[in-house]
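Every number in this text was worked out from the coordinates using simple rules, so none of it is lab data. Because the structure is predicted, anything quoted here is derived from the model rather than measured. Reconstructed Cβ throughout: ideal geometry from the backbone, glycine too, with neighbour counts over all protein chains shown.
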Amino acid sequence: MPHNSPPSLNLIKFHWPTIVLGGCLGLVLAYSVLSGDSHGRVNLLYLLIIYLVIPLASTIVSLLAHVSGKEVNIARFMSWLPFRSDEFISHQRNLQQLKLNKQWLFMQSQLAAVAYSIGSLLVFAVLLIATDINFVWRSTILSAESLNEVLTGLSIPWGFWEQAQPNLNMLLQTRDSRLATTTSNAQIYGSWWQFILAIQLFYCFFPRLLCYLYARFLFIRTLNNDLESRLEKEKDKVIKKNSNSIRNIKTVQNLEGDFVLTNWAGIDLQLIREFLPDWFDITNEEKQLKAGPLASESEQKIAERWQGRQLIVVKSWEPPLGELKDYMESGQGYIFPVDWEAEKVKVLQPKHFDEWLRFVSHLSRWQVFCPLALHEEEKDEVSDD
């Protein structure tokens with residue numbers, strides 16, 4: 001038997017063109033900066049742009065656009081491109097019908113940003129291993145002291161990583177000038193690599209990975225809630241259909257033929273007189289049986305031996321009990337759920353009516369007697385007409 005994936009997993013689907021584009025951007029930008037000049041010198045401030053400024057700015061724009069509902073992101077742009085597959089178009093149509101298209105695009109944009117970070121990290125790792133990168137910094141207006149304050153503030157998230165912390169001495173020794181000659185201590189130029197790695201991880205990779213996981217969680221939760229809601233609606237339709245089918249078979253509004261009355265509820269029979277046929281005499285004890293909690297043992301046995309049809313009057317608000325079911329299994333006729341208060345019979349509540357319908361549906365020789373005047377749904381339909 002083939003295994004079908006859950007609907008949520010089928011609809012998540014990675015949009016690989018968007019993810020590949022994000023990864024390629026990371027590869028190209030990282031290589032263009034990390035390749036440095038002819039002497040292999042890489043400007044530290046340029047690295048901050050591609051590993052800090054661009055990721056943070058894009059994250060803020062993406063989140064603000066998502067909150068505002070505009071969804072300005074790379075995934076939205078890619079979804080507009082021509083040459084889209086029929087499968088992608090069908091997938092988008094399904095998402096739009098479920099009102100999940102914006103959430104899906106937000107999730108894909110986070111994946112593209114994660115791919116951007118992975119591409120940058122990959123280039124960084126390869127060049128660190130295969131080449132000699134000299135990290136320097138140049139600025140006309142910034143001093144080593146002011147830049148050190150900025151970099152120290154940026155490194156707070158990884159305070160536990162001592163080797164990745166910037167310091168004033170490193171800044172002073174790696175400051176580069178086009179007129180100055182290279183220092184004899186070449187090792188100091190490579191000491192920035194751990195700080196640059198930490199910048200990538202804590203300001204590029206981890207934030208977007210968390211955004212993706214959060215977007216995925218929201219997408220799945222919203223989808224599952226929607227599916228549960230739809231399943232509940234389908235279930236209600238089936239229940240209503242079955243209930244209507246049972247109601248048509250198991251409900252009568254007029255009593256036909258001879259019967260005896262069994263006052264299981266102990267109700268004052270005068271309260272239900274108007275709902276019984278004109279020919280039925282409620283004062284005639286020969287037309288009555290006594291059974292249930294108010295009957296004596298001898299009366300109960302007489303009622304159990306009765307083979308003709310009965311009209312059993314019960315309290316509508318009390319759920320059917322096993323004792324009543326046992327009694328009815330050997331008999332036939334009608335059951336009459338009645339709701340009354342202060343010597344007045346009330347309209348039967350639909351939930352009570354449905355409960356008695358379900359009860360009688362398992363008893364082939366019984367029906368529910370519910371006069372039109374006591375049936376709330378039928379009464380409403382009559383008034384609407």
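Compute the Rg/Rh shape ratio of region 102-147: radius of gyration over Kirkwood radius, all on alpha-carbon atoms.
Using only Cα positions, Rg/Rh for region 102-147 is 1.24.
Once the Cβ-Cβ distance between residue 152 and residue 222 is put in as r, and R0 is 56 Å, what FRET efficiency do you end up with, to the nearest 0.05?
0.85
Within a Cβ distance under 14 Å of residue 144, other residues only, what is the Lys/Arg minus Asp/Glu net charge?
-1
Within the set 290/325; 301/346; 287/346; 287/315; 13/102; 290/351, which residue pairs have Cα atoms separated by over 23 Å?
301/346; 287/346; 290/351
Once you place label points 7 Å from the Cα toward the Cβ at residue 53 and residue 305, how far apart are they in nm?
10.4
Based on alpha-carbon atoms only, what is the radius of gyration of region 299-355 relative to the globular estimate 2.2 N^0.38 Å?
So region 299-355 has a normalised radius of gyration of 1.25.
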